[in-house]
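Here is the structure we will look at.
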Amino acid sequence: MRYVIYLLASMLLSFYVLASDYKELNWDQLIPEAELEVMKQLSPLLTNPHKPLDPNANIRDDINNAMEQISDPDIQGVMNSINVRPELNNQTVSIPGFVVPIETNDENAITEFFLVPYFGACIHVPPPPPNQIIFVQYNKGLQVKEIWMPFEIKGVLFTEMIENDTAISAYTFLADDVSEYKE
């Protein structure tokens with residue numbers, strides 16, 4: 001039922017939203033301020049909105065090395081955080097990231113996926129915190145030629161947690177448009 005409500009809200013909003021009306025978000029803007037400060041200690045890559053979009057970045061090694069060097073007890077809490085920025089709920093936004101497919105339609109187009117800040121997230125260890133994973137519904141379906149390429153997602157963001165066998169996401173997104181990300 002919630003998907004029907006989100007779908008209707010998204011359809012109504014899409015009639016009124018122009019391309020310039022999407023607020024551009026970076027991944028660090030999804031993290032509550034106090035947790036962002038802790039993450040900045042962990043790794044500059046986690047708070048840099050552009051470096052994680054490099055499919056060749058070896059962010060997993062950077063995270064593991066940083067976690068070995070920092071003995072702060074808050075790190076584990078932040079790395080598993082489902083805390084969100086409530087002011088982002090029901091906002092029309094765009095954000096770049098990488099696709100982790102969940103569901104496809106009859107044409108093999110991806111209709112549900114997780115959007116993550118770096119390539120390989122949710123497949124390799126460690127995954128990003130749940131507040132760095134966005135569950136996306138895209139009813140038009142996304143045909144992906146190269147899964148390691150970043151995409152820009154535009155639509156309505158909600159602060160709702162979704163959990164499945166692959167990951168937990170603290171945000172849900174109804175996508176109006178998905179396109180290859182160009183810096």
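The values are calculated or read from the model by the stated rules, or taken from the named source; none is laboratory data. Quick caveat, the model's predicted, so the values are computed rather than measured. For neighbour counting, all protein chains shown are included, and Cβ atoms are generated from backbone atoms with ideal geometry for every residue, glycine included.
Tabulated values for the structure
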| read-out | value |
| --- | --- |
| Residues of segment 141-163 satisfying the condition of being surrounded by 14 or more Cβ atoms within 10 Å (Cβ to Cβ) and either assigned to a strand (DSSP E or B) or free of Cβ contacts under 8 Å to residues at least 40 places away in the same chain (or both) | GLY141, LEU142, PHE151, GLU152, ILE153, LYS154, GLY155, VAL156, LEU157, PHE158, ILE162 |
| Qualifying residue in segment 118-132 (condition: more than 15 Å from ASP28 (Cβ to Cβ), hydrophobic (A, V, I, L, M, F, W, C) and modelled with pLDDT of 95 or more) | no |
| Test: residue in segment 51-71 that is modelled with pLDDT of 75 or more and either assigned to a loop (DSSP other than H, G, I, E, B) or touching a His at 6+ places or on another chain (Cβ under 8 Å) (or both) | no |
| Matching entry among VAL93, VAL99, VAL136, VAL84 (being among the β-branched types (Val, Ile, Thr), touching a Ser or Thr at 6+ places or on another chain (Cβ under 9 Å) and assigned to a strand (DSSP E or B)) | VAL136 |
